[in-house]
């Protein structure tokens with residue numbers, strides 16, 4: 001576990017298993033956040049200058065990761081899960097392995113969003129209130145909304161400043 005100079009309030013971390021990694025880079029602010037890593041060869045990486053206002057991040061299984069790149073703004077009541085929580089078999093073969101999640105630079109995730117395994121969010125994007133992002137790779141500069149989330153706008157940018 002590597003936590004660099006960041007502001008952490010009410011952060012709970014549980015790491016279970018072997019060869020697992022948690023990295024929180026510099027100038028991050030995490031409040032009311034739970035990070036659970038359970039399995040082996042797993043990584044949760046939160047890069048520089050991210051703000052998380054209340055999330056549950058679950059990375060479980062084997063050989064997968066959740067990576068949140070720089071300057072992401074993540075609201076409250078967020079769930080990010082790289083796995084389904086329990087195994088499902090078909091003819092004795094596992095059919096629901098864990099899968100990586102990647103959230104690129106400068107992504108704004110609004111309240112009550114759920115992000116599930118296999119998702120890749122492009123840079124400078126927004127995930128709207130209450131969205132369920134259940135699969136897929138999304139390009140840069142889009143707004144995702146709905147259940148399941150779909151692209152509703154392209155070629156956008158966003159700023160932390162309040163609109164005038």
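Report, by residue number, each residue of the stretch 112-125 that is crowded, with 22+ Cβ neighbours inside 10 Å and over 12 Å from the mean Cα position of the chain (by Cα). Steps first, answer last, please.
So in the stretch 112-125, the residues crowded, with 22+ Cβ neighbours inside 10 Å come out as 113, 115, 117, 119, 121, 125.
Result: 125, single match.
Of all the criteria given as (1) over 14 Å from the mean Cα position of the chain (by Cα); (2) under 22 Å from residue 24 (Cβ atoms); (3) at pLDDT 95 or above, the one not satisfied by residue 106 is (1). Are any of the residues in the stretch 116-136 closer than 24 Å to residue 11 by Cα and touching a residue at least 24 places away in the same chain (Cβ under 8 Å)? Taking every residue of the stretch 116-136 in turn, at least one turns out to be closer than 24 Å to residue 11 by Cα and touching a residue at least 24 places away in the same chain (Cβ under 8 Å).
Per-residue answers, yes or no, for (1) on the phi > 0 side of the Ramachandran plot; (2) part of a loop (DSSP other than H, G, I, E, B); (3) surrounded by fewer than 18 Cβ atoms within 10 Å (Cβ to Cβ):
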site	(1), (2), (3)
8	no, no, yes
12	no, no, yes
15	no, no, yes
32	yes, no, yes
35	no, no, no
56	no, no, yes
60	no, no, no
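Please pick out the residue among 12, 5 that is more than 15 Å from the chain's Cα centre (by Cα) and modelled with pLDDT under 95. Steps first, answer last, please.
On the way: 12 fails: modelled with pLDDT under 95.
Criteria check complete, one pass: 5.
Mind listing just one residue for me: the one in the stretch 137-156 that is on the phi < 0 side of the Ramachandran plot, part of a loop (DSSP other than H, G, I, E, B) and in contact with a strand residue (DSSP E or B) (Cβ under 8 Å, 6 or more places away or on another chain) and, of those, surrounded by the fewest Cβ atoms within 10 Å (Cβ to Cβ)?
Looking at residues that are on the phi < 0 side of the Ramachandran plot, part of a loop (DSSP other than H, G, I, E, B) and in contact with a strand residue (DSSP E or B) (Cβ under 8 Å, 6 or more places away or on another chain), I get 147.
Of all the listed residues (159, 98), the sole one being in a loop (DSSP other than H, G, I, E, B) and in contact with a strand residue (DSSP E or B) (Cβ under 8 Å, 6 or more places away or on another chain) is 98.
The values are calculated or read from the model by the stated rules, or taken from the named source; none is laboratory data. All figures in this text were calculated on a predicted structure; none of them were measured in a lab. Every residue, glycine among them, receives a Cβ derived from its backbone with ideal geometry; neighbour counts consider all protein chains shown.
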